[in-house]
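J.: For reference, the structure I am asking about is given below.
The values are calculated or read from the model by the stated rules, or taken from the named source; none is laboratory data. Every value quoted in this text rests on a predicted model; they were computed, and no experiment measured them. Ideal geometry is used to build each Cβ from the backbone, glycine not excepted, and the neighbour counts take in all protein chains shown.
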Amino acid sequence: MGKKYLHEVITNAEDRTYYSVGFPNDSNDFALRNKYVKDCTGIQDITTFDRSGRTTVTVFEDFFDFLSALVWFGLETPRLASVVLNTTNNRKKAVNYLSQFAQINCFFALNKSGMECLRLFQERDGLNVKDCSDIYEGCNDFNEFLMKKRPS
């Protein structure tokens with residue numbers, strides 16, 4: 001399934017070549033991850049998967065959690081509209097899109113950054129968000145949960 005969403009991105013900096021997993025964002029750039037770095041090419045942005053006629057949207061902090069949720073629920077593509085923030089720093093970029101939905105299901109990491117983003121969506125942005133982290137209770141995020149639950 002990863003082949004559908006992920007790309008190998010090769011970047012160069014200071015005479016070194018870096019290989020990363022790239023996840024496309026809405027600015028036609030990539031959120032990048034490898035063993036050493038979380039970065040992006042070009043513009044840091046959210047990634048949206050629109051599903052017309054839906055009143056519920058799912059929101060993920062990063063693409064590993066988004067992909068983990070697809071695997072966990074046995075899906076090739078999301079059934080609901082979905083947003084991948086690619087970093088909690090992109091919260092404000094998601095507000096306009098999210099405001100069109102009656103219910104916003106958030107799957108954020110159980111750390112300071114994830115919980116602060118959830119709180120800001122509720123209190124500052126006035127969005128009707130639901131914390132769905134109970135699915136991966138005892139783990140930091142959806143990806144960690146899936147790694148622990150899958151047989152080796």
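J.: Condition first: at pLDDT 95 or above, under 22 Å from ASP125 (Cα atoms), touching a Lys or Arg at 6+ places or on another chain (Cβ under 8 Å) and not in a loop (DSSP other than H, G, I, E, B). Can you find one or more residues in region 31-45 that meet it?
T.: Looking through region 31-45, none of the residues is at pLDDT 95 or above, under 22 Å from ASP125 (Cα atoms), touching a Lys or Arg at 6+ places or on another chain (Cβ under 8 Å) and not in a loop (DSSP other than H, G, I, E, B).
J.: Hey, among SER20, SER27, which residue is farther than 30 Å from GLU137 by Cβ, in a loop (DSSP other than H, G, I, E, B) and polar (S, T, N, Q)?
T.: Numbers: SER20 fails: in a loop (DSSP other than H, G, I, E, B).
Unique residue meeting the criteria: SER27.
J.: Might you let me know whether region 7-27 holds any residue that is among the acidic types (Asp, Glu) and within 25 Å of LEU98 (Cβ to Cβ)? Reasoning before the result, please.
T.: We begin by selecting, within region 7-27, every residue among the acidic types (Asp, Glu); these are 8, 14-15, 26.
Applying the additional criterion that residues be within 25 Å of LEU98 (Cβ to Cβ) yields 26.
Checking region 7-27: at least one residue is among the acidic types (Asp, Glu) and within 25 Å of LEU98 (Cβ to Cβ).
J.: Further, regarding this structure: Would you mind finding the one in PHE30, PHE63 that is of a type outside the set (D, E, K, R), surrounded by 15 or more Cβ atoms within 10 Å (Cβ to Cβ) and without any contact (Cβ under 8 Å) to a residue 24 or more places away in the chain? First the steps, then the outcome.
T.: Details: PHE63 fails: without any contact (Cβ under 8 Å) to a residue 24 or more places away in the chain.
So the residue among PHE30, PHE63 that is of a type outside the set (D, E, K, R), surrounded by 15 or more Cβ atoms within 10 Å (Cβ to Cβ) and without any contact (Cβ under 8 Å) to a residue 24 or more places away in the chain is PHE30.
J.: Out of curiosity, is ARG33 within 17 Å of LEU146 (Cβ to Cβ) and either touching a helix residue (DSSP H, G or I) at 6+ places or on another chain (Cβ under 8 Å) or among the hydrophobic types (A, V, I, L, M, F, W, C) (or both)? Walk me through how you get there before you give the answer.
T.: Details: within 17 Å of LEU146 (Cβ to Cβ): yes; either touching a helix residue (DSSP H, G or I) at 6+ places or on another chain (Cβ under 8 Å) or among the hydrophobic types (A, V, I, L, M, F, W, C) (or both): yes.
Spelling it out, ARG33 is indeed within 17 Å of LEU146 (Cβ to Cβ) and either touching a helix residue (DSSP H, G or I) at 6+ places or on another chain (Cβ under 8 Å) or among the hydrophobic types (A, V, I, L, M, F, W, C) (or both).
J.: Go through region 79-138 and report how many residues are of a type in the set (D, E, K, R) and not in a helix (DSSP H, G or I). I'd like the intermediate steps shown before the answer.
T.: Taking region 79-138 and keeping what is of a type in the set (D, E, K, R), we get 79, 91-93, 112, 116, 119, 123-125, 130-131, 134, 137.
Pick out the ones that are also not in a helix (DSSP H, G or I) and you get 79, 124-125, 130-131, 137.
Number of matching residues: 6.
J.: If you take the residues in region 46-71 that are assigned to a helix (DSSP H, G or I) and touching a Ser or Thr at 6+ places or on another chain (Cβ under 9 Å), which one is farthest from ALA109 (Cα to Cα)? Quick ask: steps written out before the conclusion?
T.: At the first step, the residues of region 46-71 found to be assigned to a helix (DSSP H, G or I) are 63-71.
Those still in the list that are touching a Ser or Thr at 6+ places or on another chain (Cβ under 9 Å) too: 63, 66, 69-70.
Working: PHE63: 12, PHE66: 12, ALA69: 13, LEU70: 16 Å.
The residue in question is LEU70.
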